[in-house]
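Encoded as structure tokens, here's the structure I'll be asking about.
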Amino acid sequence: MAKVLVLYYSSYGHVEKMANAVAEGARSAGALVDVKRVAETAPAEVAKAAHFKMDQSAPLAAIEELANYDAIIVGCPTRFGRLASQMASFLDQAGGLWMRGALHGKVGGAFTSTATQHGGQEVTLFSIITNLLHFGMTIVGLPYSHQGQMTVDEIVGGSPYGATTVAGGSGQRQPTAIDLAGAHHQGKLIAEAAKKLFPG
């Protein structure tokens, strides 16, 4: 049974919802799945003033735990076209894992959220994927087998590079059924890939 970690950072809960959908998709492929988050690094008074969602139930991840999984799916919101500093700070601690090749050959993927349709979703996905490639991971995106991402009938997230959602300028828009279906599909595909690579 493949072991999958959905590792995320979420300021307002949008990425948290996407993370849970990714996890459900991975479980639907028979994987053993953990959902964990990285710590908030903004000062408490700043997070409170910005109305960050502080009541997230996922436990905090530890960097050494990453080596215990066959697949790691990383999600965080965009920050000016790149991954959020909270996730970057966490991954920056992985030097020891990198040095000993502890993540070589594992399966990886990325998902994100932006405020607008043109807010840097694909660039942010690539900024996450770049980290995973440096760790020696095999990347699985969100192919067009998730056909919902091709619709022009509504605002929709999705990219061949990973699942996404559009949150709105003040975070008022929650992930839609199509967005969550994309996240579910990507989680399933990553779990299936991990199962093929790690059949034992």
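The values are calculated or read from the model by the stated rules, or taken from the named source; none is laboratory data. Owing to the predicted nature of the structure, the values given are computational and were not obtained by experimental measurement. Please note: Cβ atoms are built from the backbone with ideal geometry, for glycine as well, and neighbour counts cover all protein chains shown.
Run down Met1, Met54 and say which single residue is outside any helix (DSSP H, G or I), at pLDDT below 95 and closer than 25 Å to Ala194 by Cβ.
Met1
Pick out the one residue from Ala67, Ala61, Ala47 that is of a type outside the set (Asp, Glu) and touching a residue at least 40 places away in the same chain (Cβ under 8 Å).
Checking each option against the conditions leaves just Ala61.
Every residue, every condition in (1) farther than 21 Å from Gly182 by Cβ; (2) of a type in the set (Val, Ile, Thr), yes or no:
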position: Gln93; (1), (2): yes, no
position: Gly108; (1), (2): no, no
position: His118; (1), (2): no, no
position: Gln121; (1), (2): no, no
position: Ile128; (1), (2): no, yes
position: Phe135; (1), (2): yes, no
position: His146; (1), (2): no, no
position: Val152; (1), (2): no, yes
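Do you know which residues across the range 108-122 are in contact (Cβ under 8 Å) with a residue 12 or more places away in the chain and over 16 Å from Glu16 (Cα atoms)?
Within the range 108-122, Gly108, Thr116, Gln117, Gly119, Gly120, Gln121, Glu122 meet the criteria.
A further question follows. Which one is farthest from Tyr9 (Cα to Cα), of the residues in the range 38-73 that are touching a Lys or Arg at 6+ places or on another chain (Cβ under 7 Å) and crowded, with 16+ Cβ neighbours inside 10 Å?
Asp70
With respect to Leu197, determine if the residue is aliphatic (A, V, I, L, M), surrounded by 16 or more Cβ atoms within 10 Å (Cβ to Cβ) and closer than 20 Å to Gly30 by Cα.
So Leu197 fails the test.
Sort out which residues of the range 182-200 are in contact (Cβ under 8 Å) with a residue 24 or more places away in the chain and not in a helix (DSSP H, G or I), and write them in order of number.
Phe198
So which residues in the range 1-12 are over 17 Å from Tyr69 (Cβ atoms) and in contact with an Asp or Glu (Cβ under 9 Å, 6 or more places away or on another chain)?
Within the range 1-12, Tyr9, Ser10, Ser11 meet the criteria.
Also: Please indicate, with yes or no, whether at least one residue in the range 30-37 is assigned to a loop (DSSP other than H, G, I, E, B), surrounded by fewer than 18 Cβ atoms within 10 Å (Cβ to Cβ) and without any contact (Cβ under 8 Å) to a residue 24 or more places away in the chain.
No, the range 30-37 has no match at all.
Okay, moving on. Only one of Gly25, Gly13 is in contact with a helix residue (DSSP H, G or I) (Cβ under 9 Å, 6 or more places away or on another chain), over 20 Å from Asn131 (Cα atoms) and surrounded by 14 or more Cβ atoms within 10 Å (Cβ to Cβ); which?
After ruling out the rest, the residue left standing is Gly25.
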